[in-house]
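Reviewing the structure listed below.
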Amino acid sequence: MAKEKTQYTCNECGGTSPRWLGKCPHCNAWNTLIESVAESSAPTKNRFAALAKTAEVTTLADIEATDVQRTPTGHDELDRVLGGGVVEGGVVLIGGDPGIGKSTLLLQALDALQRAGQKTLYVTGEESGAQVALRSRRLGLDGSQVQVLAEIQLEKILATLSAHQPAIAVIDSIQTVYSEQLTSAPGSVAQVRECAAHLTRAAKASGTAIVLVGHVTKEGALAGPRVLEHMVDTVLYFEGDTHSSFRLIRAIKNRFGAVNEIGVFAMTEKGLKGVSNPSAIFLSQHSEPVPGSCVMVTLEGTRPMLVEIQALVDSGGPSPRRLSVGLDRDRLAMLLAVLHRHAGVACMDQDVFVNAVGGVRISEPAADLAVMLAITSSLRGRALPKGFIAFGEVGLAGEVRPAPRGQERLKEAAKLGFSVAVVPKANAPKKNDKAFEGLTIHGVDRIEEAMELARSLA
Ligand SMILES: Nc1ncnc2c1ncn2[C@@H]1O[C@H](COP(=O)(O)OP(=O)(O)OP(=O)(O)O)[C@@H](O)[C@H]1O
Ligand SMILES: [Mg+2]
């Protein structure tokens with residue numbers, strides 16, 4: 001029998017070569033060529049010809065614009081990040097660390113939708129049907145009518161989708177799905193791109209909302225081609241510290257709603273439960289104030305949340321370390337330089353560690369002031385006063401810039417019983433407002449002013 005013809009496919013770019021090479025001739029990546037069976041004929045060239053309908057040019061005003069139909073999932077926190085619910089024909093990509101709860105949340109959401117009378121389909125490529133059933137029992141979803149399909153071949157999934165016509169389908173995960181048309185392995189860039197494109201097209205054509213679960217890389221970005229994020233309508237990230245029970249879902253991109261909205265969940269034995277009032281969950285409970293801790297108010301999406309920033313400054317070796325968890329490391333280096341230059345606080349020979357409590361990731365620069373105050377407090381070994389909060393961006397020239405929607409942040413702090421606030425001058429309220437009762441607000445213009453104030457208050 002004749003040996004089957006093989007070729008070498010790059011698992012980075014999908015390019016091929018007739019023989020093995022150390023370096024891919026297409027994308028110049030090293031050691032990425034993997035042997036695979038060559039496709040028999042070449043029907044791939046005009047694969048999309050049938051799909052290209054004769055397109056017509058229309059005036060924008062003549063196109064009937066129907067408002068998007070949203071179906072609430074029954075989980076308020078998930079609906080919040082989705083912009084109100086799942087959209088007909090919308091494609092959502094949800095990524096997150098292993099074991100964070102992606103499958104759990106989606107199974108819960110599907111069950112709620114099914115109970116509300118929607119047709120649902122859960123395609124699992126990572127677990128067997130029995131495992132999914134086991135999870136559903138644990139989550140207390142007894143008698144669940146969610147349809148389950150354990151399948152990883154794209155063509156079969158597409159056939160099932162068109163036969164069942166579910167209102168919403170979950171593909172768990174896109175990295176396990178493979179198309180017969182391609183020879184590269186499941187999870188490779190070419191496969192992920194191809195399968196996601198087919199599923200997206202199926203969603204748009206049939207009106208089925210599709211949720212794709214995506215793996216993340218070691219760095220925390222979605223695995224697979226970047227183009228995946230462009231293809232879909234909504235990109236959600238699941239984040240949080242696996243050691244704490246709180247999980248956040250963040251919308252990175254949303255064609256049907258606001259981005260940077262976050263949903264907060266608590267992982268319980270019965271699955272993920274929404275936390276509707278999350279403002280105080282990221283505070284650790286100190287009975288007395290401790291050095292190196294400063295609370296800030298962060299505003300993600302529409303809700304302010306209080307997050308404790310902790311810093312530890314300790315004498316380091318010849319090359320001191322700067323480490324941050326939940327905050328940007330480059331920004332930390334910058335803040336240390338500003339602290340030295342403008343406030344005379346030197347940490348050159350010290351190890352500096354900063355941490356946002358509870359596994360939250362803070363990307364907004366409004367954390368700057370709290371980070372600097374926490375560092376100074378740790379260096380001096382003196383705690384900030386009880387009930388102290390601070391927020392504000394700090395510039396390279398040592399100026400303290402206002403944070404967006406400062407009044408809302410202050411109101412939340414006052415509501416939770418905080419008593420002293422150091423904030424940018426522009427964020428300090430002009431007149432006495434009932435909402436800030438009990439909170440003494442100090443507006444500052446420059447970092448040295450803030451440091452001086454913190455010293456006199458402590
Ligand atoms: N018996 C249990 N009691 C409480 N929590 C549990 C129990 N079993 C599992 N969990 C929680 O569920 C999480 C697993 O969730 P899930 O399988 O949905 O994650 P995932 O994001 O889909 O992971 P993967 O990327 O591996 O598919 C575990 O990390 C754990 O926190
Ligand atoms: Mg899973």
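Derivation of every value follows stated rules applied to the coordinates shown; laboratory data play no part. Predicted model only: the values in this text are computed from it and were never measured. Cβ: placed from backbone, ideal geometry, glycine included. Neighbour counts: every protein chain shown.
Remark: segment 160-246 projects, on average over all directions, an area of 6.8 nm² (convex hull of Cα atoms). In a fully extended conformation the segment linking ARG405 and ASN31 would gain 129.6 nm over its present Cα-Cα distance, using 0.36 nm per residue. Note: relative contact order over segment 157-245, using C-alpha pairs below 8 Å and six or more positions apart, is 30 percent.
Per-residue Karplus couplings for segment 234-239, computed as 6.51 cos²θ - 1.76 cosθ + 1.60 with θ equal to phi - 60°, are listed in order as 9, 10, 10, 10, 9, 9 Hz, Gly and Pro entered as x.
Between LEU396 and SER162, the FRET efficiency from the beta-carbon distance, with R0 = 51 Å, is close to 0.35.
Database remark: amide H of VAL275 closer than 5 angstrom to the amide H of VAL264, PHE265, ALA266 (H placed geometrically; neighbours at sequence offset of 5 or more, or on other chains; Pro and chain starts carry no H). Here ALA333 and SER419 are evaluated by their C-beta separation; at R0 = 51 Å the FRET efficiency comes out at 0.95. Computed log10 I(q)/I(0) for segment 203-339 at 0.09, 0.16, 0.20 Å⁻¹: -0.40, -1.11, -1.42, from the Debye equation with unit scatterers placed on every C-alpha and solvent omitted. Scaled against the 2.2 N^0.38 Å expected of a compact globular protein of N residues, the Cα radius of gyration of segment 362-458 reads 1.00.
Using C-alpha pairs below 8 Å separated by at least 6 residues, the relative contact order for the chain is 12 percent. Here the residues HIS340, HIS442, ranked from fewest to most Cβ neighbours within 10 Å of their Cβ, fall in the order HIS340, HIS442. Here is how the number arises for the chain: DSSP H runs of 4 or more residues each give -39500 (n - 2.57), the sum is divided by the residue count, and the result at 222 nm is -7500 deg cm²/dmol.
Sorted ascending by nearby beta carbons within 10 Å, beginning with the fewest, THR71, THR124 become THR71, THR124. In the chain, taking the dipole from charged Cβ atoms about the Cα centre, the farthest positive-side position among LEU453, SER136, GLY359 is held by LEU453.
For segment 293-457, a simple Cβ point-charge model (Lys and Arg +1, Asp and Glu -1, everything else neutral) yields a dipole of about 320 debye relative to the Cα centre.
Taking Rh as the Kirkwood radius, which is the inverse of the mean 1/r over Cα pairs, what is the Rg/Rh value for the chain?
1.05
Note on the chain: antiparallel DSSP beta bridges, both residues inside, total approximately 55 percent of the bridges counted. Taking the Cα atoms of segment 293-457, the ratio Rg/Rh between the radius of gyration and the Kirkwood radius comes to 0.95.
Computed about the Cα centre, the dipole magnitude for segment 418-458 is approximately 140 debye when only Lys and Arg (+1) and Asp and Glu (-1) carry charge, each at its Cβ.
When +1 charges are put on Lys and Arg Cβ atoms and -1 charges on Asp and Glu Cβ atoms, the dipole computed for the chain relative to its Cα centre reaches about 100 debye.
For the pair SER456 and ARG255, the difference between a 0.36 nm per residue extended length and the Cα-Cα distance amounts to 67.5 nm. Measuring nothing but alpha carbons in segment 70-276 and taking Rh as the Kirkwood radius, the Rg to Rh ratio lands at 0.93. Considering only THR160, SER284, VAL91, and ranking their Cα positions along the charge dipole of the chain that arises from unit charges at the beta-carbon of Lys, Arg, Asp and Glu, the one farthest toward the positive end is SER284. Sorted from greatest to least, the principal axis extents spanned by the alpha carbons of segment 242-293 come out as 46, 29, 20 Å. Approximating the spin labels as points 7 Å out from Cα along Cα→Cβ, the ASP351-to-SER319 distance works out to 1.5 nm. Of VAL216, SER377, THR176, whose Cα points farthest to the positive end of the dipole of the chain (charges on the beta-carbon: +1 Lys, Arg; -1 Asp, Glu; origin at the Cα centre)? My answer, from the dipole projection, is SER377. Peptide packing for 215-221, 369-375, 136-142, 164-170 was compared via the average number of neighbouring C-beta atoms within 10 Å per residue; ordered from the highest value, the list is 369-375, 164-170, 136-142, 215-221.
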